[in-house]
Ligand code: PNS
């Protein structure tokens, strides 16, 4: 049985993440979405419980997917769960530099763990948690970019400004690359270099 882990901050979960989860869940027997939790030093917008709930609610139909939180090194967490594959999403070249470094270091620390990359679906290649938060903070609608479980919490957090629009796309709406829904993972938006924050 191959147990894969998709790690990240998921602050918040967006459609790109959901797409990677869905696609990776078809490749492995089991997929754990592992949310980095640093209780002592966190600048996260959403607490770990909210982030776990976003993942759980958004993956309800995916039988082999679960959500968990972890602290410390990812490779230690992998060992503790008996998992052998790290799944990461890749959007653009700038993501690759960051991810390559992580993959090498993780492999050096635990050669039994492989990192595999899922390419972001075109539809979501510009979406990042950082930008979702920024857009929401200024009161614009992010319903096209995030699953309903995230949208609800964003509305709770930022108020009615982060409105639901009638024409907002939802996960599963038919538009874009034909893959159905969300695309990829992480944070750095297209064309943004090293100085920017990934999540
Ligand atoms: O969504 P993010 O913020 O890009 O996710 C980054 C994450 C959580 C995957 C990464 O920071 C991580 O694995 N953190 C745990 C600490 C660790 O193992 N660091 C890698 C050392 S090479």
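Which residue out of 167, 173, 196 is farther than 16 Å from residue 58 by Cβ, modelled with pLDDT under 50, surrounded by fewer than 16 Cβ atoms within 10 Å (Cβ to Cβ) and more than 16 Å from the ligand (Cβ to nearest atom)? Exactly one residue qualifies, and that residue is 167.
Taking each residue of the range 60-77 that is more than 22 Å from residue 46 (Cβ to Cβ) and without any contact (Cβ under 8 Å) to a residue 40 or more places away in the chain and looking for partners that are in a loop (DSSP other than H, G, I, E, B) and more than 8 Å from the ligand (Cβ to nearest atom) with beta-carbon atoms closer than 7 Å, six or more apart or interchain, yields 64/29; 75/110; 75/113.
Selection of first residues in the range 33-49 that are closer than 21 Å to residue 20 by Cα and of second residues that are more than 12 Å from the ligand (Cβ to nearest atom) and in a strand (DSSP E or B), restricted to Cβ pairs under 9 Å at least 6 apart or on distinct chains, gives the following pairs, ordered by first then second residue: 33/65; 33/66; 33/67; 33/68; 34/67; 34/68; 35/67; 35/68.
The values are calculated or read from the model by the stated rules, or taken from the named source; none is laboratory data. On a predicted model such as this, the values are computed, not experimentally measured, just so you know. Virtual Cβ from ideal backbone geometry, glycine too; neighbours counted across all protein chains shown.
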